[in-house]
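We did not get these values from a lab; they are worked out from the coordinates using the rules stated. Small disclaimer: the values here were computed from a predicted structure and weren't measured. Ideal geometry is used to build each Cβ from the backbone, glycine not excepted, and the neighbour counts take in all protein chains shown.
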Amino acid sequence: MTSSGVLHQQTRALAFAGQLVPVACERLRVGAAVGPHTHDFLELAVVLSGACRYVTQATRRTLSPGDVVVVRPGAWHAFEAPQDLEVYNLYVGPELLRGELSWTLDHPALAHALIHGGESTAPLTGAALERVIGWLDQVQQVAGRGPTRDDRASQRVLRLGLLACVLSELLSSEVGGPAGRTSLTREVRKVITVMEEDPAHPWTVGELARQVGLSESQLHRRFLDQVGVTPIRWLIRTRAEKAAALLAGTDLTVAGIGRAVGWPDPNYATRRFRSAYAMTPSAYRARFSFLAPPAVAAEARVPPPASRQPAPGSGEPAASTLPAR
């Protein structure tokens, strides 16, 4: 995180450097406002202490200890007026939702949060928050050791197991969307997967329905009931999300990015992107590009538990100040 007015960017290449599985976390003390910033991975932030105003394109609310926010790749967010704020940021490759984390899609509220983003409506408290902190501390410790030839498989299993513990705890914190939505069925999951794996394909509802042996009306109803939007609206969201990552992380032309995600008409691509992010592709790149020179941060990153040194006379772990990434 960064000082007021400075954008913070963090890419997969940095967040998951040297890791066997796209899962990482860091504990941060935030001493100044964090301007609007974005990532090209899924982020979960758990508030450990203090408070702040949390701002996104869709909401503005106060965060307090135990609150959890989920941010989809490409979506921007900001932290204003922090007061003794400490957070644990958990970084996850969204592709895990199609593989090792597919079990999360069996739980409607959690699935809604992970595929749409959102904030908790009930905080983690007491023992639940302590358990989450303990598991995230262990994720940091495992990441800090670095894999060896003998324990690569065990580290992968351990990292995913700890992540599963954190996510299962969120089931009790009411992170996600409206109650009553059903879990994602096999057909809906497959349609989501084929769109995400080939967004440039000129998908139609008819072709998607044939992929899973449903009629167009059946697919439309199931998607709306389970995901909250129609298949075509989800395709637009998927294309916009992938375009956002390319705008922030590459120097490809806007027209080239549009073609890569299935929008060959530049004017149409601009309209669709603006409907998702409330700004043009060029404005998004100017504000959130990962290729911009890094700035110096004013926050402190808390070292993993095994490496912390107590601050003199305080009994608390010391934090080192590091530059923004």
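Figures for the structure shown
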quantity: Amide proton proximity set for HIS77, modelled H, under 5 Å, gap of 5+; calculated: HIS37
quantity: Derived scalar couplings ³J(HN,Hα) [region 246-261; Karplus, 6.51 cos²θ - 1.76 cosθ + 1.60; whole Hz; x for Gly, Pro]; calculated: 6, 5, 7, x, 9, 10, 4, 5, 4, 5, x, 5, x, 5, 5, 9
quantity: Trypsin sites (Lys or Arg not before Pro) within region 194-227, DSSP loop, no more than 11 other Cβ atoms inside 10 Å; calculated: none
quantity: Distance cut-off 20 Å, percentage of C-alpha pairs in region 1-101 lying past it; calculated: 34 percent
quantity: R0 of 25 Å, Cβ-Cβ distance ARG274-HIS201: FRET efficiency to nearest 0.05; calculated: 0.65
quantity: ALA17 versus ILE232: modelled label distance in nm, points set 7 Å from Cα along the beta carbon direction; calculated: 4.5 nm
quantity: Calculated FRET value between ARG210 and ALA128, using beta carbons and R₀ = 41 Å, to 0.05; calculated: 0.40
quantity: Selection from THR193, ALA278, GLY213 lying farthest towards where the dipole of region 186-286 points positive, charges on Cβ; calculated: ALA278
quantity: Estimated FRET transfer efficiency (THR182, ARG98; beta-carbon r; R0 25 Å; 0.05); calculated: 0.85
quantity: Calculated on alpha-carbon atoms, Rg and Dmax of region 152-267 in Å; calculated: 17.5, 49
